[in-house]
Amino acid sequence: MEKKTIKVLVVDDSLVFREVFSKKLSEDPYIEVIGKAGDVFEARDMIINFRPDVVTLDVEMPKMNGIEFLKRLMPQYPLPVIVVSAVSNKVFDALNAGAVDFVTKPGMDTNIDNFIKELIIKIKIAATAKVDNYRRLIKKTKAISKDIRNLSDRIIAMGASTGGTNALFDIIKVLPKDIPGIVIVQHMPPVFTKLYAERLNEHSLLEVKEAVNGDEVLPGHVIIAPGGYHMRVKKANNKLSVIIEKGTEFNKVNGHCPSVDVLFHSVAQQFGDKAVGIILTGMGKDGADGLLQMRRAGAQTMGQDEESSIVYGMPKVAFDIGAVEKQLPLQKIPAGILEIFE
């Protein structure tokens with residue numbers, strides 16, 4: 001039986017990048033590069049003619065940038081797109097426009113083999129993504145106006161991967177400012193976590209920041225684990241705080257740093273039934289075991305449902321092992337959180 005390959009279209013205005021990406025990607029037996037486009041108009045024609053499974057797309061392009069192209073492409077031809085971008089907030093604009101994931105464009109000092117390895121992993125994940133979900137779930141939402149008790153001894157822990165940046169954004173932006181402190185692990189590389197935290201901070205009633213070692217977890221505040229660092233929580237002398245630990249190749253958990261499991265395990269140990277755990281869209285199993293430990297310790301737990309997940313991997317594993325007490329569509333998770341604190 002012939003193995004099924006993933007058909008990939010490479011879109012980049014640099015001839016050198018197009019050729020290098022294509023050659024390196026084609027070395028993987030499960031990937032077939034079916035086209036190379038130098039601008040989005042060539043890409044549009046190739047998408048129509050060749051029907052790729054996944055598109056890699058440079059953000060900075062001539063004639064029309066990648067973000068504008070995504071906005072026009074996705075309604076007509078919903079395809080998994082991985083954005084290749086320099087370090088910039090434009091990555092989040094691209095994800096909001098429908099891209100599944102992103103990789104940082106390699107520079108002069110970048111190990112190209114490491115970059116290609118990361119890109120191949122993300123292409124294989126993207127090939128499983130349900131990109132039509134992103135359009136169906138887009139809707140204008142308003143912050144929930146609701147008085148809840150100021151429960152300073154409570155904590156909410158969330159974990160996500162592929163598709164999580166938008167899922168977390170949709171949850172955080174509608175929560176009221178007196179919500180208990182929130183700690184988050186979103187699989188994302190260094191630097192981008194800080195940009196993401198700043199973006200969330202601008203669009204919500206909550207104070208959102210990238211974690212610094214010793215940060216206190218306060219009501220109305222959201223702390224996001226820095227890329228490349230594991231994050232744990234600590235409870236001492238009526239103070240809730242975070243501890244961050246720089247990652248290495250040897251202390252990754254489930255292949256990730258930060259790891260959702262690392263955070264969830266610490267929450268289970270430190271907070272028991274005073275915690276709420278939420279696992280969102282993403283590939284793999286990171287967070288499932290930690291969420292199970294949280295539930296066993298008395299925490300209330302939730303998982304994003306299959307219908308609303310871009311990649312129903314992490315939530316599925318957590319659900320299958322009994323870690324998820326309540327499974328909800330993304331749009332109902334904020335109300336589900338608030339019900340706990342009524």
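The values are calculated or read from the model by the stated rules, or taken from the named source; none is laboratory data. Remember, predicted model here, so these are calculated numbers, not experimental data. All Cβ positions, even for glycine, are placed from backbone atoms using ideal geometry, and neighbour counts span all protein chains on display.
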Check whether at least one residue in region 39-53 is among the basic types (Lys, Arg), closer than 18 Å to Lys122 by Cα and either crowded, with 16+ Cβ neighbours inside 10 Å or in contact with a Pro (Cβ under 8 Å, 6 or more places away or on another chain) (or both), and report yes or no.
no
Taking region 263-280 and keeping residues part of a helix (DSSP H, G or I) and crowded, with 19+ Cβ neighbours inside 10 Å leaves Leu263, Phe264, His265, Ser266, Val267, Ala268, Phe271
Residue set Glu307, Glu325; condition at pLDDT below 95 and among the charged types (D, E, K, R); output residue Glu307
Given (1) under 15 Å from the mean Cα position of the chain (by Cα); (2) closer than 26 Å to Lys90 by Cβ, Ile279 misses just (2)
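Going by what's in this entry, would Thr193 be described as more than 20 Å from Glu339 (Cα to Cα), assigned to a loop (DSSP other than H, G, I, E, B) and among the polar types (S, T, N, Q)? Don't jump to the end; show me each part of the working.
On the way: more than 20 Å from Glu339 (Cα to Cα): yes; assigned to a loop (DSSP other than H, G, I, E, B): no; among the polar types (S, T, N, Q): yes.
So Thr193 fails the test.
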Val317 passes all but one of the listed conditions (1) under 21 Å from Ile155 (Cα atoms); (2) part of a helix (DSSP H, G or I); the exception is number (1)
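Go through region 157-172 and give me each residue that's of a type outside the set (Gly, Ala, Ser), outside any helix (DSSP H, G or I) and over 12 Å from Ile333 (Cα atoms). Even if it seems obvious, please write down each step before you answer.
To start, the set of residues in region 157-172 that are of a type outside the set (Gly, Ala, Ser) comprises 158, 162, 165-166, 168-172.
Okay, now just the ones that are also outside any helix (DSSP H, G or I), so 158, 162.
The one that is of a type outside the set (Gly, Ala, Ser), outside any helix (DSSP H, G or I) and over 12 Å from Ile333 (Cα atoms): Thr162.
Give region 223-262 a look and list any residue that's of a type in the set (Asp, Glu) and either farther than 14 Å from Val212 by Cβ or buried (at least 19 other Cβ atoms within 10 Å of the Cβ) (or both), or say none. First the steps, then the outcome.
Taking region 223-262 and keeping what is of a type in the set (Asp, Glu), we get 245, 249, 261.
Scanning region 223-262 gives Glu249, Asp261.
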Q) Is at least one residue of region 70-84 touching a helix residue (DSSP H, G or I) at 6+ places or on another chain (Cβ under 9 Å), surrounded by fewer than 20 Cβ atoms within 10 Å (Cβ to Cβ) and of a type in the set (S, T, N, Q)? A) no
Right, Ala299: more than 22 Å from the chain's Cα centre (by Cα), modelled with pLDDT of 95 or more and under 24 Å from Lys332 (Cβ atoms) or not?
yes
Answer with yes or no whether Gly290 is outside any loop (DSSP other than H, G, I, E, B) and in contact with a Phe, Trp or Tyr (Cβ under 6 Å, 6 or more places away or on another chain). yes
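With respect to Ile34, is the statement that it is surrounded by 20 or more Cβ atoms within 10 Å (Cβ to Cβ) and in the same structural domain as Pro106 (by TED's automatic domain parsing) true? So that I can check it myself, show each step before the final result.
Values: surrounded by 20 or more Cβ atoms within 10 Å (Cβ to Cβ): no; in the same structural domain as Pro106 (by TED's automatic domain parsing): yes.
No.
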Only one of (1) surrounded by fewer than 24 Cβ atoms within 10 Å (Cβ to Cβ); (2) closer than 16 Å to Thr165 by Cα; (3) of a type outside the set (D, E, K, R) does not apply to Ile340, and that is (2)
Checklist entry - Looking at region 11-24, is at least one residue assigned by TED's automatic domain parsing to the domain that holds Thr104, under 26 Å from the mean Cα position of the chain (by Cα), buried (at least 22 other Cβ atoms within 10 Å of the Cβ) and not aromatic (Phe, Trp, Tyr)? => result yes
- request: State whether one or more residues within region 107-116 are over 20 Å from Leu15 (Cβ atoms) and buried (at least 16 other Cβ atoms within 10 Å of the Cβ).
  value: no
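Residues Lys139, Lys63: which one is out of contact with any His (no Cβ under 7 Å at 6 or more places or on another chain), at pLDDT below 90, at positive phi and surrounded by fewer than 20 Cβ atoms within 10 Å (Cβ to Cβ)?
Numbers: Lys139 fails: at positive phi.
Exactly one of Lys139, Lys63 is out of contact with any His (no Cβ under 7 Å at 6 or more places or on another chain), at pLDDT below 90, at positive phi and surrounded by fewer than 20 Cβ atoms within 10 Å (Cβ to Cβ), namely Lys63.
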Of the residues in region 93-125 that are in contact (Cβ under 8 Å) with a residue 24 or more places away in the chain and in a loop (DSSP other than H, G, I, E, B), the one that is nearest to Ile310 (Cα to Cα) is Val100
